[in-house]
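The values are calculated or read from the model by the stated rules, or taken from the named source; none is laboratory data. Quantities reported herein were computed from a predicted structural model and do not represent experimental measurements. Glycine gets a Cβ as well: all are built from the backbone with ideal geometry, and neighbour counts include every protein chain shown. The area values use the complete protein model at the heavy-atom level, side chains included, leaving out ligands, DNA and RNA. Shrake-Rupley method; radii C 1.70, N 1.55, O 1.52, S 1.80 Å.
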Amino acid sequence: MKKQVWFSLCLGWLVGLVSGIIYIQKKAYQDAEKWKQFSDKHLELFLLMIEWMKVKHKGKNIEDYFIREGFQTAAIYGMSYVGECLAGELKGSHVEIKYAVDQKKKGDYQGIKIIHSLEELQEVDVIIVTAVSYFDEIQGSLMEKTSIPIVSLTDILLDISI
């Protein structure tokens, strides 16, 4: 009888140990994947800003793209760092930023009304997506709501830099 108890205790301990190791490995993998996605997103934003600097160094600016395409009014989708930089770049230009769209922010940024992504969109000539890592998803959800042209800031910068 003592051997059975001892065997059961050892088996329970071994099963617990193996289960704990599997849980910790799974959790570590999930955390690593989360940090990789975070890192990839910020690398893409960093590369976007480098492209923007190249455009500026060539003496070109984003306003030229809008003028060439005939866009006079725009909405900015994504009001994090890049969205704020784009708003600053277009302030005082021939392009009127009518509003911005963001999933996390609401309110106002330097006179630009920020609405939630679920709210109804006002009519503008173009929506510029600054959340470039999620462009395909954002474009898909916006296309269900509107027929307004949707452009990635990355595509605008690449178009200008040519």
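Each of the peptides 49-56, 76-83 was scored by the mean count of other Cβ atoms within 10 Å over its residues; in descending order, highest first, they stand as 76-83, 49-56. Based on the Stokes-Einstein relation at 4 °C and a viscosity of 1.567 mPa s, and on the Kirkwood radius from alpha carbon pairs, the range 74-162 is assigned a translational diffusion coefficient of 99 µm²/s.
Apolar share of the accessible surface for the chain: 60 percent from carbon plus sulfur atoms, 1.4 Å probe.
Mean 1/r over all different Cα pairs, inverted: what Kirkwood radius does the chain give, in Å? Please report the intermediate quantities before stating the final value.
Working: mean 1/r = 0.0536 Å⁻¹.
About 18.7 Å, per the Kirkwood formula over Cα pairs.
With every protein chain left in place, what is the accessible area per residue of the chain in square angstrom, probe 1.4 Å? Each step should come with its number before you reach the end.
Values: 10850 Å² over 162 residues.
Per-residue value: 67 Å².
Could I get the Rg over Rh figure for the range 1-80? Both from C-alpha atoms, Rh via Kirkwood, rounded to two places.
Values: Rg = 28.2 Å, Rh = 18.4 Å.
When Rh is taken as the Kirkwood radius, the ratio is 1.53.
Order 121-130, 13-22 from most to least packed using the mean count of other Cβ atoms within 10 Å.
Details: 121-130: 19.7, 13-22: 10.0.
The packing order, highest mean first, is 121-130, 13-22.
Helix 2-57 versus the longest principal axis of the chain: what is the Cα-based angle in degrees, 0 to 90, to the nearest 10? Its long axis makes an angle of about 10 degrees.
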